[in-house]
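Some notes on the structure that comes next.
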Amino acid sequence: MSFKLDFSEATDFGPVPDGIYEVITFNVNEDATQNGAEFINFDFIIRNDIQQARGNSHLFHRIWKSKKDGKYNKGMVMTVAKACGLEDGKEYNSFDDFLADFAMTPVKVQVKNEQSEYNGKTYDNTNIKRFMGTSYPDVQHQFKGKAAESTPNFDRDPGQSSIDISSEDIPF
C-alpha cells in the first residue's frame, strides 16, 4: 500500500481572522463549567459551500445563565434564534426541543479576536460579536471527518439499512 502527500489538504489551525462569515449551526446544548456555571454552548462551522476563508473551522459561542436569577438573558437567546431563522412565536415542549431546532440552520456571524484577563493570565479569544440572517439560505455544506459521521442524513431512505462504500471512497 502506498501513501502520497497532498499539501492541498493541509489546514491552518490558527485563529479565525476577524471578519464576517457564513456558518452552519452544528450543535447546540446546555453545559456547565466544573464550578457549576451553566451556559448554552453553540458550535458553528464555517461553511465550505461559499467562497470564504477558513471553511470547516469551528466557532463557539456561549450564553451564560445569570448568577443573579439563574436565567439566560432572553434578549441574547432571541437574537441568535432570530438570526438562525427560527420561527417567531413557535412553542416548544421543552428547552431541549428548542435547542434542537437550531440544528443545521445557516447564520452569518461577525468574528473578532480579543484578549481577556483572568486570574492574572491573558488569553486570546475568538469571539462572535454579532449575529445576522444568512445571505445564502440554500446550504450545500459538505461535512468533513467526524462531523460527517455524526450529522443526520436527511436524504437517506429510512428503509435502507446499510450504505455501500467502495475502496475508491476510502482515502487509505
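Which FRET efficiency, nearest 0.05, do Val77 and Leu5 yield, Cβ-Cβ r, R0 41 Å? With a Förster radius of 41 Å, E is 0.35.
Taking 7 Å steps out from each Cα toward its Cβ at Gln115 and Asn35 produces label points 2.2 nm apart. Within the straight-line cut-off of under 28 Å between alpha carbons, the lysines reachable from Lys144 are Lys4, Lys82, Lys108, Lys112, Lys129, sequence neighbours fewer than 8 places apart in one chain being disregarded.
A Förster radius of 35 Å, combined with the Cβ-Cβ distance separating Lys67 from Val139, puts the computed FRET efficiency at roughly 0.40.
For the range 16-139, how big is the tail of P(r) above 27 Å, as a whole percent of Cα pairs? Percent of Cα pairs beyond 27 Å in the range 16-139: 20. For the listed peptides 107-113, 134-140, 69-75, a ranking on the average number of other beta carbons within 10 Å per residue, highest first, reads 107-113, 134-140, 69-75. Extending 7 Å from the Cα toward the beta-carbon at both Leu86 and Asp49 defines two label points whose distance is 2.2 nm. Each peptide in 42-54, 83-95 receives the mean, over its residues, of other Cβ atoms within 10 Å, and ordering these scores from highest gives 42-54, 83-95. Neighbour counts of other Cβ atoms within 10 Å put Leu5, Leu99 in the fewest-to-most order Leu5, Leu99.
Read the figures in this text as sums done on the coordinates, not as results from a lab. Quantities reported herein were computed from a predicted structural model and do not represent experimental measurements. Cβ atoms come from the backbone with ideal geometry, glycine included; neighbour counts cover every protein chain shown.
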